[in-house]
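Okay, handing you the structure first.
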Amino acid sequence: MTTAATHCPYCALQCAMTLRRVDGAVTVEPREFPTNRGGLCQKGWTSADLLDHPERLTGPLLHGRPVSWDEALDFVAAGITRTQQEHGRDAVGVFGGGGLTNEKAYTLGKFARIVLRTSTIDYNGRFCMSSAAAAGMRAFGLDRGLPFPLADLGTADAILLAGGNLAETMPPILRHFAAGNLIVIDPRVTATAARATLHLQNTPGTDLALANGLLHLAVAEGLLDSDYIAARTTGFEPVRATVASYWPARVERITGVPIEDMVRAVRMLGGAGRAYILTARGAEQHAKGTDTVSAFINLALALGLPGNRGGYGCVTGQGNGQGGREHGQKADQLPGYRRIDDPAARERIAGIWGVRAEDLPGPGPSAYELLDGLGTATRALLVFGSNPVVSAPRARHVTDRLRALDLLVVADLVMSETAAIADVVLPTAQWAEEDGTMTNLEGRVIRRRKLMDPPEGVRTDLDILAALGDRLGVAVLAEPEAVFAELGLASSGGAADYAGITYDRIDAETGVFWPCPDPGHPGTPRMFEENFATPDGLARFVAVEHRPPAEDVCEEYPVYLTTGRVLTQYQSGAQTRRVGRLPGELFVELHPDLAARLGVAAGEPVTVSSRRGSVTAPARVSETIRADTVFLPFHWAGVNALVNPALDPTSRMPEFKVCAVRVEKP
Ligand SMILES: Nc1nc2c(c(=O)[nH]1)N[C@H]1C(S)=C(S)[C@@H](COP(=O)(O)OP(=O)(O)OC[C@H]3O[C@@H](n4cnc5c(=O)[nH]c(N)nc54)[C@H](O)[C@@H]3O)O[C@H]1N2
Ligand SMILES: Nc1nc2c(c(=O)[nH]1)N[C@H]1C(S)=C(S)[C@@H](COP(=O)(O)OP(=O)(O)OC[C@H]3O[C@@H](n4cnc5c(=O)[nH]c(N)nc54)[C@H](O)[C@@H]3O)O[C@H]1N2
Ligand code: SF4
Ligand SMILES: [Mo]
């Protein structure tokens, strides 16, 4: 028997688990850890089902034909060289994922910048927490999803959760929530909202107005922390002036939330000893997502919470959604959360990589813009850890763009919908077959530990990148611990400083929180207690105004569509749809009033159409959703054809959470 103390392959909670292998069969057991406290959700429990799954990829494919690794890699390297000779370096792009280990995310960024020397690299995290990251940067000077350990939530007298359904998306996290103090903002009565003391059931896309309205009430009710505002922040006056026009009746009209509920919410937060404000994708995935998060941060600052009597945090989503955004797979970044357009950062990273700073490319296009430019600006694409055919906004168009490429290379464990249209498919190892580190939603760096070797014919992502590097004439490290040591050096002095973290230390200490600049440093579980990471140490208020969604309802498309997740499926579903023990099928959630108007009974098919596409699925008729809104989970192909790719001007986040649709009987 062999065992490995590792963490779940799926979401950012990174629940701890023990894997055991007896006679070739792998079992999963939850493991006690400060995050999951001994819990796992169904996805974690069933995660090992994919290890020996019949649909697992076990050898490289070239135009659907099994080939040797040499043939596949030679073909890819030749395609890259030819494309760059004909169309320039930026014509070869890379699309990464927030599920990749830190070592892989770092290597992917390095591979793009020094092997391909392309600026065309971004990743699916752009579709995830980028709005919260941008708002956190501008308020606090730094983005770490939760700047405090999860256990701190247990000390809260009040928690406001805007646009998160944690009972389905990270069930064990609720072990940190005490009873009787939760306020949830969601257009649906989710399993999470049903547990809340107070549920604000707003119209999709109106959180910014609601947050400004709550701050208006905090001013009116005398709940501001004036000493904190004076000592720790700057820029409050323009915000006070802005929220003055968000009087309760106006906000009720925009959001649909009753005035008395807003008053109750603000009194719960203002009257609490300790309070936290959390945002998740429901509030963030909008063309005004960054400003919406700023509005919630303004509220947190005005009440004196961050680094004082609670805080603000973004609940990051993907397994390594935090680390994946720090080490260089983002279009505008170098390792350590450095900016790629910062001359000092370029000098430093170029020195570590053994190249000249002037040879490093500059910032490239953001995820949706990159995908939109396939077949024109970008002629060849390498995809590691994402399935955009299902998960990208305006997915049918994105699929057409992927098909227009001269060369599409996908590294995956299974034949995802994106792998299915690739020229070359490269089979990769799974989490139980590799070593590495992940940075969870708290900024805690933890270890992914190997249980066993990958099956014959399957290679790790690091190995694949190193083999391609060899063919293209640039050496790239493939051994995870060596990569982590280089990443530590590269991050040293940056915002996300990992220099003091080693595999041995993580093993000895239930993970280490960044920043951790040297081996003697204890790591930083709590940030901002003394200062914020801005030049003057003060947090910044940012005045923001509500505006309607990029695509509002009209006569032709009179209903709002919002999208999200269900408990038993993960993301594009490439993994979880293949796990027989995880139930699930696509459905349209709609209110009984809307169903009656359409003459549709529960279980009957309904067609939902936007300006971009349509999808038909059985009706799930439920009082839990607003009558002006329908909900579709995005785990099945076809849904994202409807989604509006309108982008947030700052974060470049698409508007996944609201667009206008027509609902009819097929
Ligand atoms: N089961 C499961 N768990 C997951 C994942 C998964 O795919 N499946 N993915 C992981 C990842 S990457 C992420 S990012 C997280 C996401 O975690 P969450 O943010 O919790 O998930 P979502 O379901 O996308 O959105 C949350 C809620 O936002 C609501 N919502 C929709 N529009 C609005 C709006 O305009 N305002 C507000 N306030 N709410 C709105 C939806 O009704 C939904 O209940 O989950 C992680 N965990
Ligand atoms: N309508 C709508 N669309 C959304 C969202 C929404 O709320 N609504 N949410 C958005 C969000 S928050 C996210 S994070 C994205 C996620 O959407 P995707 O980026 O598509 O995420 P996954 O389905 O996790 O894709 C991961 C792929 O990589 C494979 N994989 C897993 N691990 C590894 C690995 O270690 N190496 C390699 N090479 N491959 C691996 C998996 O099998 C899978 O095919 O979707 C976004 N799309
Ligand atoms: S909550 Fe997230 S990390 Fe925990 S078992 Fe479920 S999917 Fe895995
Ligand atoms: Mo995500």
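The values are calculated or read from the model by the stated rules, or taken from the named source; none is laboratory data. Worth saying up front: this structure is predicted, and the values here are computed from it rather than measured. Virtual Cβ from ideal backbone geometry, glycine too; neighbours counted across all protein chains shown. Please note that ligands, DNA and RNA were not included when accessible areas were found on the heavy atoms of the full protein model with its side chains. Shrake-Rupley method; radii C 1.70, N 1.55, O 1.52, S 1.80 Å.
Given the Cα-Cα distance of Asp359 and Glu664 and 0.36 nm per residue of separation, how much length would full extension add, in nm?
104.3 nm
Still on this structure, I have one more. With r defined as the distance between the Cβ atoms of Glu221 and Asp332 and R0 fixed at 51 Å, what FRET efficiency is calculated, to the nearest 0.05?
0.80
I've got another one for you. So what does Trp69 come to for accessible area, using a 1.4 Å probe and Å² rounded to 10?
Probe radius 1.4 Å; accessible area of Trp69 about 40 Å².
Also, quick follow-up: Can you give me the convex hull volume of the Cα atoms of the chain, divided per residue and expressed in Å³?
141 Å³
Rounded to the nearest 500, what is the chain's calculated 222 nm mean residue ellipticity when only DSSP H runs of at least 4 contribute -39500 (n - 2.57) each, over all residues?
-8000 deg cm²/dmol
Which of rounded, prolate or oblate describes segment 1-140 when judged by the alpha-carbon gyration tensor and an a/c cut-off of 1.5?
Because a/c hits 1.5 or more and a/b fails to exceed b/c, segment 1-140 counts as oblate.
Taking the Cα centre of each part, how many Å lie between segment 539-612 and segment 197-244?
Their Cα centres are 29 Å away from one another.
Another question, if that's okay. Within segment 395-438, what residues put their amide N at less than 19 Å from the label point 7 Å along the Cα-to-Cβ vector of Asp453?
Answer for this model: 427-436.
Once both labels are modelled 7 Å past Cα along the beta-carbon direction, what's the Thr2-Glu509 spacing in nm?
2.9 nm
Something else: What net charge is computed for the residues neighbouring Trp45, neighbours being all others with C-beta under 13 Å from the C-beta of Trp45, Lys and Arg scored +1, Asp and Glu -1?
+1
In nm, give the distance between the simple-model label positions of Glu481 and Arg547, each being 7 Å from the Cα along the Cα-to-Cβ direction.
The two pseudo-label positions are separated by 5.3 nm.
Per-residue accessible area for Val615 at 1.4 Å probe radius, Å² rounded to 10?
20 Å²
With every atom except the alpha carbons ignored, what do you get for Rg and Dmax of segment 62-189, in angstroms?
21.7, 63
Can you tell me what share of the DSSP beta bridges in segment 372-524 is antiparallel? A percent to the nearest 5 is fine.
Counting DSSP beta bridges with both partners in segment 372-524, the antiparallel share is about 35 percent.
Applying the Karplus parametrisation 6.51 cos²θ - 1.76 cosθ + 1.60 with θ = phi - 60° to the phi angles of segment 120-132, what ³J(HN,Hα) value in whole Hz is obtained for each residue in order, glycine and proline being reported as x?
These are the phi-based 3J(HN,Hα) values: 7, 8, 8, 8, 5, x, 4, 8, 10, 10, 5, 5, 5 Hz.
What is the distance, in nm, between label points placed 7 Å from the Cα along the Cα-to-Cβ direction at Ala596 and at Glu623?
Simple spin-label model gives 1.3 nm for this pair.
Compute the FRET efficiency between Asp74 and Ile421 as 1/(1 + (r/R0)^6), taking r as their Cβ-Cβ distance and R0 = 22 Å, and round to the nearest 0.05.
0.55
To check you understand DSSP bridge types, tell me what percent of the beta bridges within the chain (both residues inside) are antiparallel, rounded to 5.
Antiparallel: roughly 45 percent of the beta bridges in the chain.
Still on this structure, please answer the following. Just the accessible area per residue of segment 130-315, please: how many Å² with a 1.4 Å probe?
27 Å²
Picking from Leu19, Gly493, Cys516, whose Cα lies most toward the positive end of the charge dipole for the chain (charges on Cβ: Lys, Arg +1; Asp, Glu -1)?
About the Cα centre, the residue reaching furthest to the positive side is Leu19.
Summarise the accessible area of the chain (1.4 Å probe, protein heavy atoms) by the percent that is carbon and sulfur.
50 percent
Just want to confirm a number: the relative contact order over the chain, from Cα pairs under 8 angstrom separated by 6+ residues, in percent.
20 percent
Then there is this: Suppose a student asked you for the relative contact order of segment 559-664, using Cα pairs under 8 Å spaced at least 6 residues apart; what percent would you report?
38 percent
For Arg339, enumerate residues with amide H under 5 Å from its amide H, sequence gap 5+ or separate chain, H modeled in the peptide plane.
Leu334
Something else about it: When only Cα pairs under 8 Å and 6 or more residues apart are kept, what is the percent relative contact order across segment 130-315?
It rounds to 32 percent for segment 130-315.
Could you tell me what fraction of 2.2 N^0.38 Å the Cα radius of gyration of segment 130-315 comes to, as a two-decimal ratio?
0.92
Provide the three semi-axes, in whole Å and in decreasing order, of the ellipsoid equivalent to segment 3-50 as defined by the square roots of 5 times the Cα gyration tensor eigenvalues.
18, 11, 8
Calculate the length of the line joining the C-alpha centroid of segment 66-136 to that of segment 307-329, in whole Å.
So the separation of the two Cα centres works out to 22 Å.
At 0.36 nm per residue, and after removing the present C-alpha to C-alpha distance, how many nm does the segment from Glu555 to Asp52 gain when stretched out fully?
176.0 nm
I need the shape label for segment 559-664. Rule: rounded when a/c is under 1.5, else prolate if a/b > b/c, else oblate, with a, b, c from the alpha carbon gyration tensor.
Oblate is the answer for segment 559-664, as a/c is 1.5 or above yet b/c matches or exceeds a/b.
Give, rounded to the nearest 20 debye, the magnitude of the charge dipole that segment 41-161 has about its Cα centre when Lys and Arg contribute +1 at Cβ and Asp and Glu contribute -1 at Cβ.
That gives a dipole near 400 debye.
Leaving out ligands, DNA and RNA but keeping every protein chain, what accessible area does Arg348 have, in Å² rounded to the nearest 10, with a 1.4 Å probe?
90 Å²
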